[in-house]
1. What is the packing order of peptides 138-148, 37-47, taking the mean over residues of other C-beta atoms within 10 Å and listing the highest first?
2. Under 5 Å between amide H atoms, partner at least 5 residues away or on a different chain: which partners does Ile246 have, H built in plane at 1.01 Å?
3. Give, as a single signed number, the net charge of other residues whose beta carbon lies under 14 Å from the beta carbon of Gly35, with Lys and Arg counted +1 and Asp and Glu -1.
4. Please build a GNM for the chain, connecting alpha carbons under 10 Å apart, and tell me which residue among Val97, Val245, Val211 fluctuates the most.
5. Straight-line reach from Lys72: which aspartates and glutamates have a Cα under 12 Å away, not including same-chain ones fewer than 8 places off?
6. Using the heavy atoms of the protein chains alone and a 1.4 angstrom probe, what is the accessible area of region 184-264 per residue in square angstrom?
7. Please report the antiparallel percentage of the DSSP beta bridges confined to the chain, to the nearest 5.
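The values are calculated or read from the model by the stated rules, or taken from the named source; none is laboratory data. Only a predicted model underlies this, so the values are computations on that prediction, with no experimental measurement involved. Heads up, the Cβs are rebuilt from the backbone with ideal geometry, glycines too, and the neighbour counts pull from every protein chain shown. Side chains included, ligands, DNA and RNA excluded: accessible areas come from the protein's heavy atoms. Shrake-Rupley method; radii C 1.70, N 1.55, O 1.52, S 1.80 Å.
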Amino acid sequence: MFSCDHEADNMEDVIKRAADLLERSRKVVAFTGAGISTESGIPDFRSPGGIWEKYEPVYYQDFLDSEEARQKYWLRSKATFPVIRDARPNPSHLALVELEKMGKLDCIITQNIDRLHHKAGNSAEKIIEIHGTVAFATCLTCNMIYPREMIQKLLEENNGIYVPHCRECKGFLKDATISFGQPMPEEETNEAKRRAQECDLMFTLGSSLVVYPAAYLPRYACQAGAKLIIINMTATPLDHLASVVIHAKTGEALQQIVKEVKMQQIR
Ligand code: NAD
């Protein structure tokens, strides 16, 4: 079921080692990526069958410059929004709720835009969304915010290709998510960096760790002396920095680790 980097270790030992690290830590940061939500039915970007196999990315500058790029963007968004809106949290998200209840979780820094950590029941003030959220659309001119569901109705009413505009200033509307080439949200980015540098343990969960600047965060944590646990189906470029690497589904591994910590606390 599991594989791990240390071939000589069996999975039970690896889970125990991760649980020991968790038990000894006081400030735990979970850094989550698209892989934590695939078990909720939301495809990631880079796996086989992922989003990039179906749709080409629209770069931010192209969105600003070209009506054709905006049409392409909203066509993809119209198709993917219902999948994300209707998705339910899976065992990985629920394990992070358990960590919060145990008083271990400093925060979740998520690259995901799907709001599943909120839906699972983690406190909103513990969730830092560094790539924005699909719950809203914003006007790129006046920053007016619109519920994304309202925009979806407009997209569906207009069967043809439709680009929504702001009611107030007629500026372009775009999902409140970060596209390639779009500046990262300053407040969230700074806060994420600070929390990464102050934690004593970081879990990276379901991230290929190839998207920058987000992938700097585990590096910042390690440079500041934190331990790193990586749980991902496939190898990542940062595996060599981690104390524990588990190549498995995040839900199965994380639930076992949390269970082991609870057992240790009873013993
Ligand atoms: P990515 O697609 O680059 O990598 C996902 C990783 O998760 C892959 O390495 C894959 O092997 C692994 N994975 C897939 N299913 C898994 C599972 N069940 N358990 C463990 N690992 C699993 O995604 P990324 O690193 O998050 O970065 C790309 C960008 O994708 C982010 O900016 C994010 O905003 C965006 N994105 C978000 C969602 C979402 O909100 N759910 C979905 C797609 C893309």
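1. Details: 138-148: 15.4, 37-47: 18.6.
Highest to lowest by the protection proxy: 37-47, 138-148.
2. Hits under the 5 Å cutoff: Ile230, Ile231, Asn232.
3. Details: positive: Arg46, Lys249; negative: Glu39, Asp44, Asp114, Glu252.
Local net charge: -2.
4. Maximum fluctuation in the GNM of the chain, among the listed residues, is at Val211.
5. Glu56, Asp62
6. On the way: 3470 Å² over 81 residues.
That works out to 43 Å² per residue.
7. On the way: 10 of 31 bridges.
So the antiparallel bridges amount to about 30 percent of the total.
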